[in-house]
């Protein structure tokens with residue numbers, strides 16, 4: 001198995017495990033505000049996107065250290081793959097809930113796993129087709145800032161609304 005495939009398969013496993021853990025870390029941390037920055041703080045679609053974003057960001061930066069010589073365009077490729085995964089989660093969720101009128105936890109979890117595989121497959125298949133790591137770094141940085149800001153100051157639109165509590169962002173105690 002080549003080096004890239006091995007690293008990407010390891011990343012896929014790490015992303016699935018970390019993403020799953022991040023669903024619970026805010027509550028387990030006793031609602032720590034630092035942990036809130038990178039963990040889901042409620043059941044909104046936006047907060048669930050963190051479960052993909054932060055593990056992909058972490059594995060991308062870690063893997064780039066090992067792959068930058070052979071794949072100098074690794075970051076932009078992973079950024080594109082991440083965007084596809086995030087878009088898939090949003091489109092899948094709003095499509096099936098729009099049709100059914102309610103959400104099903106199993107389908108939400110399944111969409112996360114599918115998004116992880118999208119990130120893996122796109123990255124592996126398109127590693128040599130992308131240019132401009134600077135753009136990838138810029139997009140990742142903007143997303144990072146948005147995830148942190150919108151955790152504490154979310155716009156009052158549907159993607160940020162917790163369907164269970166009808167609140168936005170971190171609940172005020």
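The values are calculated or read from the model by the stated rules, or taken from the named source; none is laboratory data. What you see is a predicted model; the values in this text were computed from it and never measured. Positions of Cβ are generated from backbone atoms using ideal geometry, with glycine treated the same way; all protein chains shown enter the neighbour counts.
Of the residues making up the range 135-158, just one is without any contact (Cβ under 8 Å) to a residue 60 or more places away in the chain and in contact with a strand residue (DSSP E or B) (Cβ under 6 Å, 6 or more places away or on another chain), namely 156. Screening residue 71 on (1) surrounded by 17 or more Cβ atoms within 10 Å (Cβ to Cβ); (2) at pLDDT below 95; (3) in a helix (DSSP H, G or I) shows it passes everything except condition (3).
Which residue, of 35, 41, 56, is within 18 Å of the chain's Cα centre (by Cα) and without any contact (Cβ under 8 Å) to a residue 60 or more places away in the chain?
Exactly one of 35, 41, 56 is within 18 Å of the chain's Cα centre (by Cα) and without any contact (Cβ under 8 Å) to a residue 60 or more places away in the chain, namely 35.
Among the residues of the range 81-109, just one is surrounded by fewer than 17 Cβ atoms within 10 Å (Cβ to Cβ), closer than 23 Å to residue 59 by Cα and modelled with pLDDT under 95, namely 109. Does any residue of the range 57-67 turn out to be loosely packed, with under 14 Cβ neighbours inside 10 Å and touching a helix residue (DSSP H, G or I) at 6+ places or on another chain (Cβ under 7 Å)? Checking the range 57-67: at least one residue is loosely packed, with under 14 Cβ neighbours inside 10 Å and touching a helix residue (DSSP H, G or I) at 6+ places or on another chain (Cβ under 7 Å).
For beta carbons closer than 7 Å, sequence separation of 6+ or different chains, a first residue in the range 91-103 that is free of Cβ contacts under 8 Å to residues at least 40 places away in the same chain and a second that is in a loop (DSSP other than H, G, I, E, B), the qualifying pairs are 97/103. Filtering the range 127-173 to residues that are closer than 18 Å to residue 68 by Cβ, crowded, with 16+ Cβ neighbours inside 10 Å and at pLDDT below 90 leaves 127, 130, 133.
Taking the range 98-109 as the range and being outside any helix (DSSP H, G or I) and in contact with a helix residue (DSSP H, G or I) (Cβ under 8 Å, 6 or more places away or on another chain) as the test, the residues that pass are 103, 104.
The set of residues in the range 1-31 that are part of a loop (DSSP other than H, G, I, E, B) and exposed (fewer than 13 other Cβ atoms within 10 Å of the Cβ) comprises 1, 2, 24, 30. Pairs are defined by a Cβ separation below 7 Å, a sequence spacing of at least 6 or placement on different chains, a first member in the range 1-22 that is at pLDDT 95 or above, and a second member that is crowded, with 20+ Cβ neighbours inside 10 Å and not in a helix (DSSP H, G or I); the pairs so defined are 22/38; 22/39; 22/40.
Mind checking whether some residue in the range 110-119 is touching a residue at least 24 places away in the same chain (Cβ under 8 Å), assigned to a helix (DSSP H, G or I) and over 13 Å from the mean Cα position of the chain (by Cα)? Let's see the steps before the verdict.
First pass over the range 110-119, keeping only residues touching a residue at least 24 places away in the same chain (Cβ under 8 Å): 112-119.
With the extra rule that they be assigned to a helix (DSSP H, G or I), the set shrinks to 112-119.
Checking the rest, the ones that are also over 13 Å from the mean Cα position of the chain (by Cα) come to none.
Looking through the range 110-119, none of the residues is touching a residue at least 24 places away in the same chain (Cβ under 8 Å), assigned to a helix (DSSP H, G or I) and over 13 Å from the mean Cα position of the chain (by Cα).
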